[in-house]
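Bear in mind that the values in this text are calculations on the coordinates, not laboratory data. Only a predicted model underlies this, so the values are computations on that prediction, with no experimental measurement involved. Virtual Cβ from ideal backbone geometry, glycine too; neighbours counted across all protein chains shown.
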Amino acid sequence: MENKQQHATAYWKQNLKYLIILLLIWFIVSFGCGILFREELNEIRLGGFKLGFWFAQQGSIYVFVLLIFVYVRLMNKLDKKFGFDE
C-alpha cells in the first residue's frame with residue numbers, strides 16, 4: 001500500500017514540475033515579451049509589425065497553444081513511465 005502511495009506521489013510531483021515550468025515559460029512570453037521587454041523587442045520587425053506588438057497581440061497565444069501540445073506529450077510519456085497509460 002505504501003509503495004502505491006509513493007508511486008502516486010512521485011507521479012504528482014513530476015506533473016507539478018511540468019506545470020510550473022510550462023506556466024513559467026508562458027508567463028515570461030506573455031508578460032515579459034508583451035509588456036516588460038516590449039521596447040527592446042520593438043526594434044525587431046516580424047511581418048511588418050514590431051515584435052513587441054506581435055508578442056502582445058498574437059505571440060503569447062501561439063506559445064500557449066504550443067505549450068498545450070508539449071504538455072500532452074510530456075504527460076503521455078509520464079503516464080507510460082508510471083504505468084497509467086491505457
Practice problem: Determine which lysines satisfy two conditions relative to K80: a Cα distance under 23 Å, and not lying fewer than 8 residues away in the same chain. | Solution: K4, K13, K17
Quiz item: With charges set only on the Cβ (+1 for Lys and Arg, -1 for Asp and Glu), what does the dipole of the chain come to about its Cα centre, in debye to the nearest 20?
Solution: 140 debye
Self-check item: Mean residue ellipticity (222 nm) of the chain, computed from DSSP H runs ≥ 4 via -39,500 (n - 2.57), nearest 500
Solution: -21500 deg cm²/dmol
Quiz prompt | Dipole of the chain, positive direction: furthest Cα of I68, T9, C33, with charges on the beta-carbon | solution = T9
Exercise. Round to the nearest 10 and give me the degree value, 0 to 90, for the angle of helix 2-27's Cα axis relative to the longest principal axis of the chain.
Key: 0 degrees
